[in-house]
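No value in this document is a laboratory result; all are computed from the given coordinates. Every value quoted in this text rests on a predicted model; they were computed, and no experiment measured them. All Cβ positions, glycine included, derive from the backbone under ideal geometry; neighbour counts span all protein chains shown.
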């Protein structure tokens, strides 16, 4: 079965970590999986989960608890792509409660959710976890950091048939609370003790405190052709930078926990499909998100801890690629102690404000999976009725009640004119540029 699954996921073979995790989990013992962001932990725990699912059994068989909405959606998407035949659903804040209740009426074999929303369904008696034999705590340290301990303790106490627990993290030295029920786990540890992976170069940009934003602008201008993540410590700083960039007509997007779920989803979609190459964010984007390989990470504000620094940098120099992380430092500011050796100073030329529009634009469609719309339907409409060539159509993402499509910027206006009166699978839908 694994070769067929890998083919559906466009993966040639399992990596060493995934192979060891699968072998370890198959022994039936509790497992703690420690591995960097982007190393494939999702598949490493979904394959053992799949091997334990019983097609004749009713009710939830495996619960996956995650710290963020985006991670829940990502895991659900991967499981669906695996084409297992088992039902999977996810529950998270910002998702329609009634939709989740309808899904839970016929309980999925695999349920993925955030602690708060899962607690809500248990208290409302719309979720029964007494049948679940497997528990996955994904990015567990992040869930603790977000303050979800009481909710997780409450949820796990309702899982009276638990036989195996899998805990994943990208952080070393994790203390495992007793409420998890994990006593003597088997560890699969693929974390390095280095603050930076071998393929990552760390550089510094010097600036006066009052010129810090100017230094950021110069650096963005110098790296304008690359995918860039700019990390701030607080959402207020993200919004402040975004406001200034908007006033200067510099193309970008923002991502943080204070945004509505729709806005968070759109920001990630546009970053994934290349409509934006610049994303200003908090540590919420440092891990657990399905975003592409990043060529450049900028620490506009230095993170509070070494772990946060590692996770931010984990967004670049992944797998076999190379990447650069920049620290913006004041004239007399010293780098954190965990960064060893002298840092190379990046020279910045005269101020150039440049974050040019990309080749792609994201279109929004007011229909999705729950409306029986799929990627094939969208491809047919855009190519046959919209006159696009295959290479002018980019990444397509179909969500529950909406879809997003990347289209070549030079073709957008013509496309929208051609399909303005067309229906999608006999449905009248709104198709417009995603703002």
Inset, instruction - At a temperature of 25 °C and a viscosity of 0.890 mPa s, determine how fast the range 2-189 diffuses translationally according to Stokes-Einstein, using the Kirkwood radius over alpha-carbon pairs as Rh; express D in µm²/s, rounded to the nearest whole number. - result: 149 µm²/s
Inset, instruction - Please figure out what share of the DSSP beta bridges in the chain is antiparallel and state it in percent, rounded to the nearest 5. - result: 20 percent
Inset, instruction - Counting only C-alpha contacts under 8 Å and six or more residues apart, can you give the relative contact order of the chain as a whole percent? - result: 15 percent
Inset, instruction - Before anything else, pin down the relative contact order of the range 120-233: Cα pairs under 8 Å, at least 6 apart, normalised by residue count, whole percent. - result: 23 percent
Inset, instruction - Can you check what the Kirkwood hydrodynamic radius comes to for the range 68-132, Cα pairs only, in Å to one decimal? - result: 12.0 Å
Inset, instruction - Apply the Debye scattering formula to the range 360-433, with a single equal point scatterer on each alpha-carbon and no solvent, then give log10 I(q)/I(0) at q = 0.14 Å⁻¹. - result: -0.35
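Quick one: compute the contact order of the range 60-168, relative version, from alpha carbon pairs under 8 angstrom and 6+ residues apart, as a percent.
After rounding, I find 36 percent.
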Inset, instruction - Above 31 angstrom, tally the Cα pairs of the chain and express them as a % of all pairs, no decimals. - result: 45 percent
Legend entry - Estimated FRET transfer efficiency when R0 is 51 angstrom, pair residue 427-residue 342 (beta carbons, to 0.05): 0.25
Legend entry - Inter-part distance where the range 375-435 and the range 5-71 are each reduced to a Cα centre, Å: 34 Å
